[in-house]
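The block underneath contains the structure these notes are about, expressed in structure tokens.
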Amino acid sequence: MTVSETQNPRLPFLREKTAKLTLSPGCYIMKDKEGKIIYIGKAKVLRNRVTSYFRKGADHLPKVAKMVSLVYDYDFIVTDSEFEALVLECSLIKLHKPKYNILLKDDKGYSYIKVSNEPYPRITYALQRENDKAEYIGPYTSGYTAKQAVVEANKVFMLPTCKKKFPQEFNKSRPCLNFFIKQCMGVCMGNVTQKEYLDTVSQAVEYIKSGSKVSVESLTKAMEKASDELDFELAAKLRDRINAIKNASESQKIFDENLKSADFVGISINGDHACASVLMYRGGKLYDKADHFLGETEEAESLRENFLLQYYSDPDRIPREIYLDGEIPDIEMTERFFREKAERAVTVSVPKRGSHLRLATLAKSNASEYLSMKVGRTGKEIQALEELAKALGLSKPPLYIECYDISNLASSDMVAGMVVYENGRPNKKLYRKFSIKTVAEQNDYACMQEVIERRFENYYKGEDESFTHLPDLIFLDGGKGHVNAVSPVLEKMNIDVPLYGLVKDSKHRTRAIATGGGEISISKNRMAFALITAIQDEVHRFSVAYQAKRHKKSTYQMELTSVKGIGDAKAKKLILQFKTIENLKNATVEELKTVAGISIETAEELYKVIHDYD
């Protein structure tokens with residue numbers, strides 16, 4: 001949302017004041033018309049941060065837009081470092097409790113896991129305790145943790161999650177899909193005794209409270225006892241339940257007995273926005289999750305390091321192990337800083353494989369999903385661009401990508417297509433078509449050189465919307481030969497944009513990314529691979545469709561010249577005037593005579609040929 005000068009007449013004054021603001025770190029203190037503090041923030045560069053609130057056309061989240069509309073003036077306090085600004089910000093927020101600093105206050109609500117008090121109890125998520133004689137497990141500081149634990153327990157123990165009441169609704173309807181995919185025991189069918197059901201719920205509660213290891217040990221003892229008592233049916237059910245817990249523990253993210261004090265930090269970046277997510281494990285359980293928007297972005301490694309130094313400014317928050325989703329400039333120095341601050345052993349690392357890598361990837365996915373709400377893209381689209389940037393060694397995700405393809409039939413009707421992807425999605429309004437003008441015979445390299453040169457000549461002219469934007473990344477539908485042919489053109493025109501080719505296999509499917517000297521495999525980067533395949537398929541479709549249209553038009557032009565008295569010039573004049581075959585068919589004999597400048601007899605013959613054309 002943008003804030004206009006109608007909504008806040010003080011914006012011109014605030015912009016003028018901010019233009020003179022220092023480039024030093026510090027805190028800024030927003031005030032309303034009555035002088036009341038409504039927001040306090042910190043900044044690495046005060047001028048840049050405060051400018052982001054008041055610049056024309058700035059797009060804000062609704063809450064921020066509301067705050068900006070109320071700002072009458074602001075104060076600021078310069079500090080020697082960003083760290084000092086963070087300490088000062090926390091102190092000022094605690095003192096003044098500004099209205100729009102809700103997310104920074106330590107006033108998180110609590111969540112619970114509820115075991116209902118009914119003949120066939122349900123395990124659900126609850127925001128607060130009620131006086132309903134139900135059992136409440138918690139409190140949890142994170143609703144995320146409680147919800148995930150409920151989902152995991154219900155799935156592992158095949159407990160019902162529908163709204164049916166038992167035993168009132170036994171055999172009243174067919175079982176739902178969960179029963180058939182073995183995610184519910186089918187209580188609604190009336191074939192599960194109340195005692196058996198209550199025992200299962202008790203086991204699920206133990207699983208939530210104690211974790212998978214304790215649950216497996218307890219169920220194993222019960223299975224062995226049932227076997228000794230020759231109750232093989234019960235023993236088989238317990239065996240299946242143990243296997244379900246073991247299978248879940250291999251992939252689930254709720255419990256990990258080895259994670260006594262560990263955080264997993266993921267960073268997601270999209271244009272001017274960035275988000276960090278922290279998954280916190282304590283005592284072998286997922287204890288909490290925190291998400292933070294980071295404001296102005298910078299290079300991923302520096303951004304990640306700056307977030308760590310700010311987030312762990314409180315020694316009590318620092319865990320014994322910190323796992324990152326990517327590198328930071330100086331991991332050893334950061335680790336030593338945390339050790340001295342916490343006065344105990346702390347390790348910081350980037351996992352490369354196994355469960356730690358899966359959890360670091362999960363933290364990054366959480367950051368992407370949280371960020372997606374702000375930038376209007378899906379988490380997968382954001383991750384695809386990040387994967388692509390990492391695979392190509394780019395400093396930031398490419399939000400504006402252009403891709404080119406040449407299409408021809410031998411040496412006739414040679415054309416090219418340019419497609420544009422903005423923030424992971426095609427922007428068809430910016431697609432452009434090129435007719436090859438300087439290349440007489442089939443030569444893909446020469447054609448691509450001509451197209452790229454014409455594209456950036458238009459960039460410098462600044463007349464066409466499609467060409468005024470300098471792309472973050474250029475793809476050519478071709479291999480390293482195409483890249484080597486086009487690179488000198490970009491260099492000659494002083495265009496510094498990463499350039500790569502898209503290589504296809506023998507079945508015309510995307511295989512790799514070509515550089516000037518080799519290839520980069522991207523098959524392991526699933527989301528980036530899907531994006532690149534979509535781009536390559538789209539540019540091929542677009543260029544082939546244009547080539548087919550040009551070929552049809554040129555074939556039709558040749559058909560017109562079969563009429564005596566109609567040469568190439570007159571045929572072209574007719575096509576340019578009427579533009580489509582349909583328009584030509586709708587033209588009268590007199591209109592054809594006037595446009596082409598021919599006799600009535602020739603126009604009548606022309607009219608006949610046009611209407612005989614299929």
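Tabulated data
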read-out: Cβ-based exposure ranking for LYS428, LYS97, in which fewest neighbours within 10 Å come first; value: LYS428, LYS97
read-out: Angle between the chain longest axis and helix 331-342 axis [Cα atoms, degrees, rounded to 10]; value: 30 degrees
read-out: For ARG122, ARG174, order by how many other beta-carbon atoms lie within 10 Å, fewest first; value: ARG174, ARG122
read-out: Estimated vicinal HN-Hα couplings, Hz - region 130-137 in sequence order (Karplus 6.51, -1.76, 1.60; Gly, Pro = x); value: 10, 8, 10, 6, 7, 8, 10, 9
read-out: For SER24, distant residues with modelled amide H under 5 Å away; value: LEU46, ARG47
read-out: Theoretical gain in end-to-end length, ASP73 to ARG336 [0.36 nm per residue, Cα-Cα removed]; value: 90.6 nm
read-out: Amide hydrogen neighbours beyond the local backbone of LEU473, cut-off 5 Å, H modeled; value: TYR400, GLU402
read-out: J(HN,Hα) series, region 431-442, from Karplus relation 6.51 cos²θ - 1.76 cosθ + 1.60, nearest Hz, glycine and proline x; value: 5, 9, 10, 10, 9, 5, 10, 9, 10, 8, 10, 4
read-out: Antiparallel %, DSSP beta bridges [both residues in region 400-550], to 5; value: 75 percent
read-out: Percent RCO, i.e. relative contact order, over the chain, from Cα pairs under 8 Å lying at least 6 residues apart; value: 7 percent
read-out: Loop sites in region 290-350: trypsin sites (Lys or Arg not before Pro), DSSP, at most 12 other Cβ within 10 Å; value: ARG344
read-out: Set of lysines with alpha-carbon distance to LYS524 below 22 Å, sequence-local pairs under 8 removed; value: LYS352, LYS364, LYS380, LYS390, LYS396, LYS480, LYS504, LYS507
read-out: Where labels lie 7 Å past Cα in the beta-carbon direction, separation of LYS433 and ASP231 in nm; value: 7.7 nm
read-out: Folded to 0 to 90 degrees: helix 300-311 orientation relative to the chain principal axis, Cα; value: 30 degrees
read-out: Within straight-line cross-link reach of LYS428, lysines at Cα separation under 20 Å, skipping those fewer than 8 residues along the same chain; value: LYS549
read-out: Region 561-612 - Kirkwood radius from inverse mean 1/r over Cα pairs (Å); value: 10.6 Å
read-out: MRE, 222 nm, helices only [DSSP H, n ≥ 4, -39500 (n - 2.57), over the chain, to nearest 500]; value: -14500 deg cm²/dmol
read-out: Vicinal HN-Hα couplings computed from phi for region 414-424 (Karplus, 6.51 cos²θ - 1.76 cosθ + 1.60; Hz; Gly/Pro x); value: 6, 9, 9, x, 10, 10, 10, 10, 10, 6, x
read-out: Hits among aspartates and glutamates - C-alpha to C-alpha of LYS164 under 16 Å, sequence gap 8 or more where chains match; value: GLU118
read-out: Radius of gyration, Dmax [region 451-530; alpha carbons; angstrom]; value: 14.1, 41
read-out: Rg(Cα) / (2.2 N^0.38 Å) computed for region 400-550, rounded to two decimals; value: 0.98
read-out: Filter on LYS374/LYS433; LYS133/LYS163; LYS42/LYS289; LYS133/LYS225 - keep pairs with C-alpha separation over 31 Å; value: LYS374/LYS433; LYS133/LYS225
read-out: Degrees between helix 354-375 axis and first principal axis of the chain (Cα, 0 to 90, nearest 10); value: 60 degrees
read-out: Packing-based exposure ordering (other Cβ within 10 Å, fewest first) of HIS60, HIS482; value: HIS60, HIS482
read-out: Column: log10 I(q)/I(0), Debye, Cα scatterers of the chain, q = 0.05 Å⁻¹; value: -0.38
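A short reminder: the numbers here are calculations on the coordinates, not readings from a lab. Predicted model, so just to flag it, every value in this text is computed and none were measured. Neighbour counts are summed over all protein chains in view; Cβ atoms, including those assigned to glycine, are modelled from backbone coordinates with ideal geometry.
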